[in-house]
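Written below as structure tokens is the structure these notes are about.
The values are calculated or read from the model by the stated rules, or taken from the named source; none is laboratory data. Keep in mind it's a predicted model, so treat the numbers as computed, not measured. Note: ideal-geometry Cβ built from the backbone for every residue, glycine included; neighbour counts use all protein chains shown. Note: accessible area is taken over every heavy atom of the protein model, side chains too, but ligands, DNA and RNA are not part of it. Shrake-Rupley method; radii C 1.70, N 1.55, O 1.52, S 1.80 Å.
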Amino acid sequence: METLIIVVIIFGLLVSIHELGHLIVAKRSGILCREYAIGFGPKLFAIKRGETVYTLRLLPIGGYVRMAGEDPETFEVKPGQSIGIFLNDRNQVTRIVSDHLEKYPNARFLTVEHCDLDKELYLSGYEEENGPLIQYAIDRQATYVSDHQDFQIAPHDRQFASKPLLARFLTIFAGPFMNLVLAVVIFIIYFSIQGVPSNQPQLGTVIDGYSAQKYGLVSGDRILQIDGQGIKSWQDIAGYVSKHPKQKIEMTVERNGEQQQIELLTGERKGANGKSEGMIGVYQPTIHSFAASIGAGFSQTYYWIKMEFVGLKMLISGGFDLNNLAGPVGIYNATGEVVSQGLFFVLNWTAFLSVNLAVINLLPLPALDGGRLMFIIFEALRGKPIEPQKEALVHFIGFAFLMILMLLVTWNDLQNLFTR
């Protein structure tokens, strides 16, 4: 249960920050944002603020910002249709009702002759069968009613497709960018608490019960030599100890301005390659500085970006293998292992997942942000946009492919889980 709660919190944070990036830039660009949703499926919670409905949905596997113009507008008023309208004090239409008219007795009823909800924003029609043709201007913030719910109309200049290329590019790019910002912030918090690793030839925290503590080494000791070999960095210390498992070594230590010789027996553990390596039970020294934490936050984020591309290159060059991918089940299982190691590991894991989400989303694949950016770049090079129907079809096919891949990865994760 603890793992489930933390997984939901982590996924909710990553998705909400990602979609918040889209939302902020879209609103700044003047795009009408109908909905900001966390999750998919049935609504669990909804609240409207301004033009946007903020919703929490049942399945915590993603989210979206529904921007006007990304999809064809579903509301249409046709000639000959009977509608109800509400007017403001300037005689402008503020609300249009197209169904269940009997439930709106206070509306003014018209038989439509013509209606433009896109550019000219007007409608004309007849209140009586043989009456005069009446024309009304439509307020820019007018709403239409569908299934008893009000939706704001989207004039052409409030639609995504009407905005300049740069505004559209930044709106899409803002989602992954916010995930990178989140990663930097989390790493800064982490390093502010834990300290920034230093390469000085000193000892960090000494672990009780291990060789360093047993033979009298203490945190802050500066190591000058090991077995007569000069030491200039923490990497020198770690490298030498690692190569001498279960062996006696002699350290020349400087403590409080005085030097002393300390002889100790190293321990042994299995390294990442499965081979035996030495250890003495001491952590790398750290620097506690907010300025250093900021620098480390950026450098650590950059490091994981590089590692993401290294992993993608290996995935492509080494041949496709489902075992190299992880879906929700795999991430859930890995998160459980991280949770058991403590809060600081959870912070690192969250930052890593945020970088992962940013990089994957920027890949030039249909249905991902990177695929949408590629269409915008192609439009800039071509000088005109791709037909919306064709672009929508490409994204639909890409989305279907990603869903199939997700199902295969999830099935593989479940098999691996039960096999273990």
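Kindly sort ARG108, ARG95 by accessible area of their heavy atoms, largest first, with the probe set to 1.4 Å. Intermediate results must be reported in sequence, preceding the final value.
Working: ARG108 105, ARG95 65 Å².
Per-residue accessible area, sorted high to low, gives ARG108, ARG95.
Helix-only estimate, please: 222 nm mean residue ellipticity of the chain, summing -39500 (n - 2.57) across DSSP H runs of length 4 or more and dividing by its residues, to the nearest 500. Write down the numbers at each step before the final one.
On the way: 9 runs with 175 residues, N = 420.
Value at 222 nm, helices only: -14500 deg cm²/dmol.
So which aspartates and glutamates pass the test for LYS313, namely a Cα distance under 15 Å, with those fewer than 8 places away in the same chain ruled out?
Straight-line reach from LYS313, under 15 Å: ASP321.
Taking just the alpha-carbon atoms of the range 335-420, what radius of gyration and Dmax come out, in angstrom?
Just the Cα atoms of the range 335-420 yield Rg and Dmax of 18.1, 55 Å.
Taking amide H atoms as placed 1.01 Å from N in the peptide plane, list the residues 5 or more away in sequence, or in a different chain, whose amide H sits under 5 Å from that of ILE287.
Under 5 Å from the amide H of ILE287: VAL196, SER198.
Which Cα, out of PRO285, GLY175, PHE187, lies furthest along the positive dipole direction of the range 153-296 (beta carbon charges, K/R +1, D/E -1)?
The Cα lying farthest towards the positive end belongs to GLY175.
Over the heavy atoms of SER124, what accessible area does a 1.4 Å probe trace out, to the nearest 10 Å²?
SER124 exposes around 10 Å² with every protein chain in place.
Any idea which of LEU357, LEU368, VAL218 is furthest toward the positive side of the dipole for the chain, if Lys and Arg beta-carbons carry +1 and Asp and Glu beta-carbons -1?
VAL218
Only four residue types carry charge here, +1 at the Cβ of Lys and Arg and -1 at the Cβ of Asp and Glu. Report the dipole size of the range 139-234 about the Cα centre in Debye, rounded to the nearest 20.
340
Quick one: Cα centre-to-centre distance for the range 13-75 and the range 123-184, in angstrom?
Cα centres, the range 13-75 to the range 123-184: 14 Å.
Could the peptides 192-204, 352-364, 391-403, 256-268 be put in order, highest first, of the mean number of other beta-carbon atoms found within 10 Å of their residues?
Working: 192-204: 17.8, 352-364: 20.5, 391-403: 13.9, 256-268: 12.4.
Ranked from most to least packed, the peptides come out as 352-364, 192-204, 391-403, 256-268.
Along the charge dipole of the range 81-158, pointing to its positive end and built from +1/-1 on Cβ of Lys, Arg, Asp and Glu, which listed residue (ILE153, SER82, TYR136) has its Cα farthest out?
ILE153
Taking the chain as the reference, fit the longest principal axis to its C-alpha atoms, fit the long axis of helix 165-194 to the helix C-alpha atoms, and give the angle between the two in degrees, 0 to 90, nearest 10.
30
Dividing the Cα radius of gyration by the Kirkwood radius, what Rg/Rh value follows for the range 81-158? Numbers along the way, then the final one.
Values: Rg = 11.9 Å, Rh = 12.6 Å.
With Rg and the Kirkwood Rh in hand, the quotient comes to 0.94.
What's the Cα-based Rg to Rh of the range 1-136, Rh via Kirkwood? Mind showing how you got there, number by number?
Details: Rg = 20.3 Å, Rh = 17.9 Å.
Ratio of gyration radius to Kirkwood radius: 1.13.
Which value, in debye to the nearest 20, gives the size of the charge dipole of the chain about its Cα centre, when Lys and Arg are +1 and Asp and Glu are -1 at the Cβ? Can you show the working numbers first?
Values: 35 positive and 40 negative charges, 215 e Å.
The dipole of the chain has a size of about 1040 debye.
Carbon-plus-sulfur fraction of the accessible area of the range 143-233, 1.4 Å probe, in percent? Intermediate values should be presented prior to the final figure.
Values: 2350 of 4200 Å².
It is 56 percent, rounded to a whole number.
Largest first, please: the extent of the C-alpha atoms of the chain along each principal axis, to the nearest Å.
That gives 110, 47, 45 Å along the principal axes, largest extent first.
Could you derive backbone 3J(HN,Hα) for the range 144-159 from the dihedral phi with the Karplus parameters 6.51, -1.76 and 1.60 (θ = phi - 60°), listing whole Hz in sequence and x where the residue is Gly or Pro?
10, 9, 9, 6, 6, 10, 7, 10, 6, 5, 10, x, 3, 6, 9, 8
For the chain, what is the accessible area per residue in Å² when the probe is 1.4 Å?
Values: 24050 Å² over 420 residues.
I get 57 Å² per residue for this part.
Trypsin sites (Lys or Arg not before Pro), restricted to the range 224-318: which are DSSP loop and have at most 14 other Cβ atoms within 10 Å?
Working: sites: LYS232, LYS243, LYS246, LYS248, ARG255, ARG269, LYS270, LYS275, LYS306, LYS313; in loops: LYS232, LYS243, LYS246, LYS275.
Answer by residue number: LYS232, LYS243, LYS246, LYS275.
Check GLY63: other-chain or 5+ apart residues with amide H under 5 Å from its amide H, H built from backbone geometry?
GLY39
Need the list of lysines near LYS390 for cross-linking: C-alpha distance under 29 angstrom, and skip anything on the same chain fewer than eight residues off.
Counting by Cα, and skipping residues close in sequence, LYS390 has these lysines nearby: LYS27, LYS78, LYS119, LYS163.
Lysines within cross-link reach of LYS246: Cα-Cα under 26 Å, excluding same-chain residues under 8 positions apart?
Partners within reach: LYS214, LYS232, LYS270, LYS275.
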